[in-house]
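All remarks here apply to the structure that follows.
The values are calculated or read from the model by the stated rules, or taken from the named source; none is laboratory data. Since the structure is predicted, the reported quantities are computational estimates derived from the model, not experimental observations. Every residue, glycine as well, gets a Cβ built from its backbone with ideal geometry; the counts of neighbours run over all protein chains shown. Ligands, DNA and RNA are stripped out before the accessible areas are found, and what is left, the full protein with its side chains, is counted by its heavy atoms. Shrake-Rupley method; radii C 1.70, N 1.55, O 1.52, S 1.80 Å.
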Amino acid sequence: MAYAADEVPAEGGGLTEVVVTAQKVTENVQNVPISVAVLDSQALQQLGVANLDDYVKFSPSVSYQRASGSTEGGNAEPGSSHTYIRGVVSGGDGNHSGSQPTVGTYLDEIPVTTIDGTVDMHLYDMQRVEVLEGPQGTLFGASSESGTIRLITNKPDPTKFSAGYDLTGSDIFSHGKGYELQAFVNIPITSWAAVRLVGWIEQDPGYISNVAGSDASGCIVNGVRTFPTWAGQPSGDWHLGTGQGTVAPCPTPTTIGAGSITNAPWRENDYNGAIYRGGRGAIKIDAGDHWTVTPGIVAQDLTTKGFFGYDPAVGDLDVTHFGPEDTQDSWYLSSLTIEGKYNGFDIVDAGGYFKRTSHSVGEYSDYSEFYDRGYGSGACWIGNSAKGAAPPSLCSGVNPVMPQEYVIGGGDYEKWSNEFRISTPADQPLKATVGVFIERQLHNIWQNYTMPGYNPVSIYGGNGNGASPNCCGFADYFSQPNFGNTIWLTDEQRVDRDKAVFFQGTWDISPQWSLTGGVRYYHYDNSLVGFFGFSANYFGNGCFPGVPPLTKYAPCTDLNSDVSDSGSVPKVTLTYRPTTEALIYATYSKGFRPGGVNRVGGTNNPTYAADYLENYEIGWKSEWFNHRVRWNGALFWEDWKNFQFSFLVPPSITAIANGGNARIKGIENELQFAPTDQLTLTWNTTMLDPYLTQNYCGVIGVTNCPTLQTYYAYNFPGATKDPGGEYMWVGPQAPAGTNLPVTPKFKTNIVARYTFGPIDDWSPFAQAAFVYQSQTSPSLLVAQSNLIGNMPAYGLLDLSTGAQRDKFGVQLTLTNATDKRAQISRFTETNPEVSNQVYIAPAQPRTISLNFSQRF
């Protein structure tokens, strides 16, 4: 997909040339024998693309979902999204201790991919967004298994001064209001140096309200949630229902502070706002005629408040939550790129240091509610009778804890990377690129599951309703040392190390035929160390005897493992050019994702292996009728082998296993038509058939399912009990032929833009953009998907109009004009086999915005 560019006009009118660096050399996209979707600077402005939600919307081969609430330590907020290309997704990923992504994200030359969510950079003064579809293992390596997203910025220009600003106001109908202020300036310092500065602040309006609602499945009535009370329960009684696997009915409502909590202190309309603040600076220095040095820095702070999903049982765009909810995602990237020529060879050295810090507070009473009623957990969650007093026994049945719960999450990321490569002269019949790459990623992981008592003002132990100090918070005796009221602590350090040598060469056999081959040799060494679990006084934590704490706050160490491996991924492409305006290519390529440490795998299986994507592709690129029509497309068959899959094991801990094999068959079609100089039509479509080729059984390493296997599920369709009362799963959890989740089988967008003739020096325009995608499933596991429900098909219509005069412009946009309640994610905050309280993260409702811009 390549919308009309404003950089290289075509001779005689028609569609303009689009330039990319998808193969790490500068080329016309029509000469690149891979599938590349491009949004250039003009398209970004015309379509109002400002963040990840926007560029995914107009990229048919890309899908995404928000993190599923507090199960991943957040609030389904921006910055927690995970992106996928061509349907290569098994679901359940994104956990801090889980698999690396299948899609790599780059800012210019530097990888900024992180596990807990794709960096949601505000896009302004951008040259283009490139989506490289299909495995990019040869040139981009690990975590580009299914493709790569590249965000390319405008660079400093020593030849001229330029500047500009954009001011936008927005209003979500019947909801919140927001604004954007953005500006850039390019200042030549000398004839050989320039600086470019960019800044932005964006306040996104809220549209989710925290109300005094009711959800019978979650024991919520008029803003009050009632929990089981355990007074009088026999010691060791672990369930309220008729037996293990039964979710007990809602308890009888009681007074606030005696088994019930209220959301009265937290009620607020349109409370899920987000604020982006950031800036970018770069200096370009021409060191002689052939060398440039470009140091740069980018920084952004994203702050959100509230929960970004709604509970349909409570109401449209309404939720009933019982505590503070906020996140902060701050990051910066410093980089240094050196480019030059020597004897006709292009030389590039690009190094970067990426630092990201995230903090979140998530309200998590769903967890207490459903696990109490399903597992009977609260029978042994004891509160303080007096501050500091120790209960006589774990399941004493006295001084029950008030099971309100919060998740305090934190992540500190550091990524250092460097790539050095050399490319031979591009005008020779035999040309090549060879390079080396090294990267080290560190992630300090922190999650504190705290139970502080009755509706505290401060989740760290205060109280806000006149109750006795910290009434019924989690007992000190069973809390994590030095962290009062903490029932569960995760304090881990993850380090992922990658090294690679890569080569890609092209032989122009004749003016019509060329052959491209490449290979990447890689080595990874990944480790995970630290602590996760209850305190020693609760159940015991399985810590290694005699091993001191290896992370900052851990009481001991119960996790210390690493995994390493080496391998190679190849690529071969044969290209044929029947005319100067067309090419046909056939490609075999391979992508990979490194293995890692499975923290709950046990001593027999503590790690999971790398998975691989093999791609067989035939594609074409063509222009017709004097550049008035551009038709590109691809047919592909991808085999995903030994894919990594995340799932929950008791007590709701994420485990990772190699799940088996899957296949994705698809077609991509990109059509542009400029019948006149005033009218441009664009139609882009991706059709996929992603499915399992083997049964998935839910047991590590098993794809040929036994007739029966032990499975600790609750109300699981198709499950039966063995004589001991444990549930047995009959057959596979996802049989061969099951569609892969999250990605639609059909996604398309149509954009029509008409520019009217000048009227009093103004050039008015009108534009309509329509995006449609088919139904998707939230989970690979059939029973879980049935419990949560599928995300329906939807279509989104955006309308805009405005005018341009010299360097001044005005644009009025109506986004989601039909106010379609498109579902981006659908999830439960706890294991869906226990919880039937479903949340929906929607696309932003109908919004009107007015933009003023000026360039100097």
For the range 469-612, give the percent of accessible area contributed by carbon and sulfur heavy atoms, probe 1.4 Å, rounded to a whole number. 58
Charge tally for neighbours of GLY134 with beta carbon under 12 Å away, counting Lys, Arg as +1 and Asp, Glu as -1, is -3
Once the in-chain neighbours fewer than 8 apart are removed, the lysines whose Cα is under 28 Å from LYS665 read LYS24, LYS57, LYS571, LYS590, LYS621, LYS641, LYS745, LYS747
Probe 1.4 Å, heavy atoms of protein chains only: per residue, the accessible area of the range 513-576 in Å² is 45
State the extension gain, in nm to one decimal, for the chain segment bounded by PHE746 and ARG277, taking 0.36 nm per residue of separation less the distance between their alpha-carbons. 165.3 nm
Could you please state how large a percent of the accessible area of the range 723-856 is carbon and sulfur, counting protein chains only and using a 1.4 Å probe? 58
Residue-wise HN-Hα coupling along the range 351-359, computed from phi with Karplus coefficients 6.51, -1.76, 1.60 (Hz; x: Gly, Pro): x, x, 10, 10, 10, 9, 10, 10, 9
Give me the Å³ per residue figure for the convex hull around the C-alpha atoms of the range 25-118. 119
Counting Lys and Arg as +1 and Asp and Glu as -1, what is the net charge of the other residues whose Cβ lies under 11 Å from the Cβ of ILE347? -1
Heavy-atom accessible surface of the range 136-212: percent carbon and sulfur, 1.4 Å: 63
Cα-based Rg / Dmax (Å) for the range 549-697: 22.9, 71
At R0 = 25 Å, how high is the FRET efficiency between ARG855 and ASP286 if r is their beta carbon distance? Nearest 0.05 is fine. 0.55
To the nearest 0.05, how large is the calculated FRET efficiency for ALA248 and ILE653 if R₀ is 22 Å and r is the Cβ-Cβ distance? 0.45
On average, how much accessible surface per residue is there in the range 811-856, in Å², for a 1.4 Å probe, leaving out ligands, DNA and RNA? 33
At 1.4 Å probe radius, can you tell me the per residue accessible area of the range 48-141 in Å²? 12
What size of dipole, in debye to the nearest 20, comes out for the range 256-348 about its Cα centre when the only charges are +1 on Lys and Arg C-beta atoms and -1 on Asp and Glu C-beta atoms? 280
Quick query: amide H of THR83 versus all other amide H atoms, modeled in the peptide plane; which residues come in under 5 Å with a sequence gap of 5 or more or a different chain? THR118
